[in-house]
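Please read the structure below before turning to the comments.
The values are calculated or read from the model by the stated rules, or taken from the named source; none is laboratory data. Since we're looking at a predicted model, the values are computed, not measured. Backbone-built Cβ (ideal geometry, glycine too); neighbour counts: all protein chains shown. Just so you know, the surface numbers come from the protein's heavy atoms only, side chains and all, with ligands and any DNA or RNA stripped out. Shrake-Rupley method; radii C 1.70, N 1.55, O 1.52, S 1.80 Å.
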Protein chains: 2
Amino acid sequence: MASFSRIENFQVKTNQAFLDKAAALEPVLNKRVIRPERLITVEENPYHEAVVHEAAEMSELPKMSFGKGDKVIFDFGDHQVGYVSFTAVPVGSHYDAPAYLRMKFAEIPSELLEDSEDYDGWLSRSWIQEDTLHLDILPSAVHLPRRYAFRYMQIEVLDTSPKYSLTLRNIYCDYVSAVEMNVVEPLNSDDELLNRMDRVSIKTLMDCMQSVFEDGVKRDRRLWLGDLRLQARANYETFRNYDMVKRCLYLFAGMTFEDGRIGACFFHEPDLRVDDTYLMDYALFFGPTLCDYYEASGDLETLKELYPQAMEQIDICWDTMLDDRKIVIDKGDEFWCFLDWGEGLNKQAGAQAVLIYTMRYAIRMANVLGDQERIRKTEEQMEILKAAALENFWDEKQKLFVSGENRQVSWATQIWMILARVFDKEKSRELILHTMQVNPRIRMVTPYMYHHYMDALIRCGEDELALEEMKRYWGEMILDGADTFWELYNPYNKHESPYGSSMVNSYCHAWSCTPTYLLRKFYRKNGKI
Amino acid sequence: MASFSRIENFQVKTNQAFLDKAAALEPVLNKRVIRPERLITVEENPYHEAVVHEAAEMSELPKMSFGKGDKVIFDFGDHQVGYVSFTAVPVGSHYDAPAYLRMKFAEIPSELLEDSEDYDGWLSRSWIQEDTLHLDILPSAVHLPRRYAFRYMQIEVLDTSPKYSLTLRNIYCDYVSAVEMNVVEPLNSDDELLNRMDRVSIKTLMDCMQSVFEDGVKRDRRLWLGDLRLQARANYETFRNYDMVKRCLYLFAGMTFEDGRIGACFFHEPDLRVDDTYLMDYALFFGPTLCDYYEASGDLETLKELYPQAMEQIDICWDTMLDDRKIVIDKGDEFWCFLDWGEGLNKQAGAQAVLIYTMRYAIRMANVLGDQERIRKTEEQMEILKAAALENFWDEKQKLFVSGENRQVSWATQIWMILARVFDKEKSRELILHTMQVNPRIRMVTPYMYHHYMDALIRCGEDELALEEMKRYWGEMILDGADTFWELYNPYNKHESPYGSSMVNSYCHAWSCTPTYLLRKFYRKNGKI
């Protein structure tokens, strides 16, 4: 199932003053030189898992030379985002032919076992981090022009010539990020796994904080509104870089669909441009993201300036996305609402819940700005939507919410109904515990959806359970070797990909970075870590 | 059979003043912008030949867009050496993934039908002119950093994304050469095929005149002494760029083997360095090349300065390469003497002939410089070598020269014995005609060897026959589609390669450029064209 939208003759509405404001907030990236820590080999074990062996210390590299067919893998010790340089020096006779290299960059070791020739997913194969290079003049100080996301770099010598081979020297990565790790206090809990989860969360977020909040530094490499909302929350607890959130809010507000709808995703290269993708939940999240930003930063001016557009997103949904019963019209297989990846998830009830959820934030903002008319109207609308949700999606027999014509039961639907507060806290608690017991087959796939599951548990007062589930999910990812948190993680199917192949999966994906937010905000408050 | 030499701890002798002289003569390259003339497709016909079809005029390009899997081939109308630029502009939605391209450059159409994955020759696969490229930001003005030799450029879109495709604009090649075609008068004979042979010769030479006389602009791309000798001869009849010959002579003289032997090949990048390859015939040709240079340019100073080293090459061979019978010691399968590519050619008798041939040029130079002692000594040595050649290599029964322990009969041996003037003109004529009748199975493979065949025919007074043979060989190459003359051409086996695969064959190879020299020098003198 390929999920994307494409609009012919896409027309946009531009607010140049907003775009200028966003452009003025473009960060200067910090650079840090990172050198590889060791040479490794990667093997597949009988369980089809990648196993790393240390091959040599870096101090042995100058003594090694590489000829046709030789491979060497550098382990940079942690996940990196940046620009790699190295020097190739020939040994033997004078080089009499170019050196021909293939470089592979891998966030996790198993990527090195995959053959890109086998790729047949629906996302572009151009995301696979592999490049070939001819060096016509040797020695050659190579500065690879592309930014890579990786911990492991493999150099394969496709050929030198029978007369010479290569030595490799001075390999390093110019790591780039808009923020620096040393501004963040470590968590210092007694639980080492929680400390690691916190640290990996922050590293994930840091790697993705570039010119904008990128969703993933290997793939997509751009600003998505759904991801931004979670990144911003983690950022308030850690780097507290308010300007980057502000920049991103002004980007989304500065160029929209012609009818005022905010795009799901925004391009910042080569110039600023909204994508022709509308996702109902993502557009609605503009409001909660703005509200969070105001509450964290106290920046009233921005709240005032962007509030109308946040409200407009709700009004558009109210006017165009509902049927006579006041429930969201199911657009089925179209790419119209995200919620989660995962085969076959019906989005109708979840979209309804997101709309209700968003309205609560709208009221919070309206309260700050004293917009009584909006408060009244929104409260009224919320009640109508909640009633319609109960009427149409609640299955009293199953004690679960259903979605779509086929009355599908999914985790996502229950979780969003809880976050929408369709039920009170106690009834929500019953629902989540019942959901866990039933364990609907339409499960959660992404850490993005898992975040909302945690959020729902906390809403239900199940903080301890949330902590347990976090350990079972993000903790398990760490035990599976994550240096940064992954875009996709299904403990029941670790090779799952919504893209038709795991080769383009992203292993440093910002929507996975929320454990630091959850831990620091909810658990520190409870004095439990 | 892999033919190369590699010396551990290779030591050289340097004459820095000579190298400085060579460096000062480095040419400034002329640049000219060349644009493709049309779009083509290439197909294989049932005879495994590449057939070109015109696909579109260039004016249609702006209307065309290319997505995943699409290929486009640009025909630049003639052979080019240079740097290619183009602009890739996305169409459709905003590009949401890098564009991933593979470029192939082909001197002849059949190269586009070959799959580089199948290459398993012994020369480096790095010579195959193929590169991949990720464009992370679009539109992108691409300036490919490598120099290519080609007439045809194929761009294959390995992927864009489902959301966009590419248009291609402003494609051009910055053609580079040290010389300009307009300084050469056209041949203007009545025979159109001869005019074309002359023009293709000159284009071949021009393309190979870069920082030095390169042997081939696709492969090797460096100075070989055997090639230089023929390039210089063609150059005296056409571009008359004496400085480039002088530069190359000083390079070879400026850095030699430690014992004074001149290398077969010289590198000029990244700095000046003789290769660790000694070929007896190539080293000896330093003398004839110097002699030709003096006779063409009148540069007595250079003759005086380099004459001792030319003599030294002969003395080294006299002292070290002969056995008690005064015949060259056969080094069998070692890479010790070139003469020609071709499986199984024995070099012993040919090497003997080249030594005798070289001595005649030594005497010519000694005459200019009044070196009576050298004249006396060389004449004496020549007679000894000729007598030994007749004694040991002449087979009276076959009326042919033989070579090696197995008394091999080859074209090359007869031709070099004729050029060595072991026989007088009339007896040489009988020999060449007899050779043509017998047609020894060890044939000629390269235009380099064919040149010496032409030279031998002319020596025998068979000018008309030489013209016929030239048409049959270089003329046939033109009918087979040569825009520049090829490194290898065996009319009996058109896919032959000494490298284990024709993929690394060079199709603009300067040792093939001598028809212009032969036509202009010998035939114009006879008033026959």
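Give just the number: which of (1) more than 14 Å from chain B (Cβ to nearest Cβ); (2) closer than 25 Å to A:Tyr499 by Cα; (3) within 19 Å of the chain's Cα centre (by Cα) does A:Gly332 not satisfy?
Failed condition: (3).
Report, ordered by the first and then the second residue, all pairs with beta carbons closer than 6 Å, sequence separation of six or more or different chains, a first member in the range A:60-73 that is open to solvent by 60 Å² or more (accessible area, probe 1.4 Å), and a second member that is at pLDDT below 95 and among the acidic types (Asp, Glu).
Correct list of pairs: empty, since none qualify.
Can you name every residue in the range A:424-443 that is open to solvent by 10 Å² or more (accessible area, probe 1.4 Å) and either aliphatic (A, V, I, L, M) or touching a Pro at 6+ places or on another chain (Cβ under 8 Å) (or both)?
Kept after step one, since they are open to solvent by 10 Å² or more (accessible area, probe 1.4 Å), are these residues of the range A:424-443: A:424-427, A:429-430, A:433-434, A:436-439, A:441-443.
Of everything in the range A:424-443, those that are open to solvent by 10 Å² or more (accessible area, probe 1.4 Å) and either aliphatic (A, V, I, L, M) or touching a Pro at 6+ places or on another chain (Cβ under 8 Å) (or both) turn out to be A:Leu433, A:Met436, A:Val438, A:Ile442.
Within the range A:119-133, take every residue that is of a type outside the set (Val, Ile, Thr) and either more than 9 Å from chain B (Cβ to nearest Cβ) or part of a loop (DSSP other than H, G, I, E, B) (or both) and give me the one that is most open to solvent (accessible area, probe 1.4 Å).
Per the stated criteria, the residue is A:Asp120.
Could you list, in sequence order, all residues of the range A:424-456 that are charged (D, E, K, R) and in a loop (DSSP other than H, G, I, E, B)?
Restricting attention to the range A:424-456, the residues satisfying the condition of being charged (D, E, K, R) are A:424-427, A:429-430, A:441, A:443, A:455.
Matches in the range A:424-456: A:Asp424, A:Arg441, A:Arg443.
Which ones in the range B:184-197 are surrounded by 11 or more Cβ atoms within 10 Å (Cβ to Cβ) and either more than 18 Å from B:Thr484 (Cα to Cα) or of a type in the set (Phe, Trp, Tyr) (or both)?
Here is the first cut: in the range B:184-197, the ones surrounded by 11 or more Cβ atoms within 10 Å (Cβ to Cβ) are B:184, B:187, B:189, B:191, B:193-197.
If the condition is that a residue be surrounded by 11 or more Cβ atoms within 10 Å (Cβ to Cβ) and either more than 18 Å from B:Thr484 (Cα to Cα) or of a type in the set (Phe, Trp, Tyr) (or both), then B:Ser189, B:Asp191 are the ones that fit.
Give the residues of the range A:85-117 that are of a type outside the set (S, T, N, Q), within 14 Å of chain B (Cβ to nearest Cβ), assigned to a strand (DSSP E or B) and out of contact with any helix residue (DSSP H, G or I) (no Cβ under 7 Å at 6 or more places or on another chain), sorted by residue number.
First, the residues of the range A:85-117 that are of a type outside the set (S, T, N, Q): A:86, A:88-92, A:94-109, A:111-115, A:117.
Retained after the next criterion (residues that are within 14 Å of chain B (Cβ to nearest Cβ)): A:88-92, A:94-105, A:115, A:117.
Narrowing further to those that are assigned to a strand (DSSP E or B): A:88-92, A:99-105.
Listed by number, the residues that qualify are A:Ala88, A:Val89, A:Pro90, A:Val91, A:Gly92, A:Leu101, A:Arg102, A:Met103, A:Phe105.
Consider the range A:8-44. How many of its residues are closer than 14 Å to A:Arg247 by Cβ and of a type in the set (D, E, K, R)?
Residues that pass the stated criteria total 3.
Can you tell me how many residues within the range A:148-199 are away from chain B (no Cβ under 14 Å), closer than 25 Å to A:Val42 by Cβ and part of a strand (DSSP E or B)?
15
Only one of these conditions is not met by B:Leu144: (1) farther than 25 Å from A:Ser126 by Cβ; (2) open to solvent by less than 20 Å² (accessible area, probe 1.4 Å); (3) of a type outside the set (Phe, Trp, Tyr); (4) within 12 Å of chain A (Cβ to nearest Cβ). Which number is it?
(1)
State all residues of the range B:95-117 that are buried (at least 21 other Cβ atoms within 10 Å of the Cβ) and over 17 Å from B:Cys508 (Cβ atoms); if no residue qualifies, say none.
Scanning the range B:95-117 gives B:Tyr95, B:Asp96, B:Ala97, B:Pro98, B:Ala99, B:Tyr100, B:Leu101.
Quick one: is A:Arg421 part of a loop (DSSP other than H, G, I, E, B) and either surrounded by fewer than 17 Cβ atoms within 10 Å (Cβ to Cβ) or touching a residue at least 24 places away in the same chain (Cβ under 8 Å) (or both)?
yes
Could you please give the count of residues in the range B:261-274 that are crowded, with 23+ Cβ neighbours inside 10 Å, in a loop (DSSP other than H, G, I, E, B) and not small (Gly, Ala, Ser)? Before the answer, list the steps.
Initial filter on the range B:261-274 (crowded, with 23+ Cβ neighbours inside 10 Å): B:262-266, B:274.
Filter once more, keeping what is in a loop (DSSP other than H, G, I, E, B): B:262-264.
Subsequent filtering for residues that are not small (Gly, Ala, Ser) retains B:262.
The total comes to 1.
Would you check if A:Gly82 is more than 9 Å from chain B (Cβ to nearest Cβ) and open to solvent by less than 10 Å² (accessible area, probe 1.4 Å)?
Here the answer is yes, as A:Gly82 does meet what is asked.
What number of residues within the range A:303-326 satisfy the criterion of being β-branched (Val, Ile, Thr) and either assigned to a loop (DSSP other than H, G, I, E, B) or touching a Phe, Trp or Tyr at 6+ places or on another chain (Cβ under 7 Å) (or both)?
If we filter the range A:303-326 for residues that are β-branched (Val, Ile, Thr), which is where we start, we get A:314, A:316, A:320.
Those still in the list that are either assigned to a loop (DSSP other than H, G, I, E, B) or touching a Phe, Trp or Tyr at 6+ places or on another chain (Cβ under 7 Å) (or both) too: none.
Counting residues in the range A:303-326 that are β-branched (Val, Ile, Thr) and either assigned to a loop (DSSP other than H, G, I, E, B) or touching a Phe, Trp or Tyr at 6+ places or on another chain (Cβ under 7 Å) (or both) gives 0.
Determine whether A:Lys397 is open to solvent by 30 Å² or more (accessible area, probe 1.4 Å), assigned to a helix (DSSP H, G or I) and either hydroxyl-bearing (Ser, Thr, Tyr) or out of contact with any His (no Cβ under 8 Å at 6 or more places or on another chain) (or both).
It is false that A:Lys397 is open to solvent by 30 Å² or more (accessible area, probe 1.4 Å), assigned to a helix (DSSP H, G or I) and either hydroxyl-bearing (Ser, Thr, Tyr) or out of contact with any His (no Cβ under 8 Å at 6 or more places or on another chain) (or both).
Checking A:Glu295 against (1) open to solvent by 10 Å² or more (accessible area, probe 1.4 Å); (2) of a type outside the set (A, V, I, L, M); (3) in contact with a Cys (Cβ under 9 Å, 6 or more places away or on another chain), which test does it fail?
(3)
Quick check on my filter: what residues within the range B:327-356 are β-branched (Val, Ile, Thr), part of a loop (DSSP other than H, G, I, E, B) and buried (at least 19 other Cβ atoms within 10 Å of the Cβ)?
If the condition is that a residue be β-branched (Val, Ile, Thr), part of a loop (DSSP other than H, G, I, E, B) and buried (at least 19 other Cβ atoms within 10 Å of the Cβ), then B:Ile327 is the only one that fits.
Quick check on B:Asp136: is it open to solvent by 20 Å² or more (accessible area, probe 1.4 Å) and either without any contact (Cβ under 8 Å) to a residue 12 or more places away in the chain or away from chain A (no Cβ under 12 Å) (or both)?
Numbers: open to solvent by 20 Å² or more (accessible area, probe 1.4 Å): yes; either without any contact (Cβ under 8 Å) to a residue 12 or more places away in the chain or away from chain A (no Cβ under 12 Å) (or both): no.
No, not satisfied.
Is it the case that B:Met181 is hydrophobic (A, V, I, L, M, F, W, C) and either touching an Asp or Glu at 6+ places or on another chain (Cβ under 6 Å) or without any contact (Cβ under 8 Å) to a residue 40 or more places away in the chain (or both)?
Considered against the rule, which asks whether it is hydrophobic (A, V, I, L, M, F, W, C) and either touching an Asp or Glu at 6+ places or on another chain (Cβ under 6 Å) or without any contact (Cβ under 8 Å) to a residue 40 or more places away in the chain (or both), B:Met181 comes out as yes.
Considering every residue within the range B:30-41, establish whether at least one is modelled with pLDDT of 95 or more, touching a strand residue (DSSP E or B) at 6+ places or on another chain (Cβ under 6 Å) and under 30 Å from A:Ser3 (Cα atoms).
No, every residue in the range B:30-41 fails to be modelled with pLDDT of 95 or more, touching a strand residue (DSSP E or B) at 6+ places or on another chain (Cβ under 6 Å) and under 30 Å from A:Ser3 (Cα atoms).
Being of a type outside the set (D, E, K, R) and over 28 Å from B:Glu258 (Cα atoms): is that true of B:Ala388 here?
Details: of a type outside the set (D, E, K, R): yes; over 28 Å from B:Glu258 (Cα atoms): yes.
Taking the combined requirement at face value, the residue satisfies it.
Against the definition (touching a Lys or Arg at 6+ places or on another chain (Cβ under 6 Å) and assigned to a loop (DSSP other than H, G, I, E, B)), how does B:Tyr250 come out, yes or no?
So B:Tyr250 fails the test.
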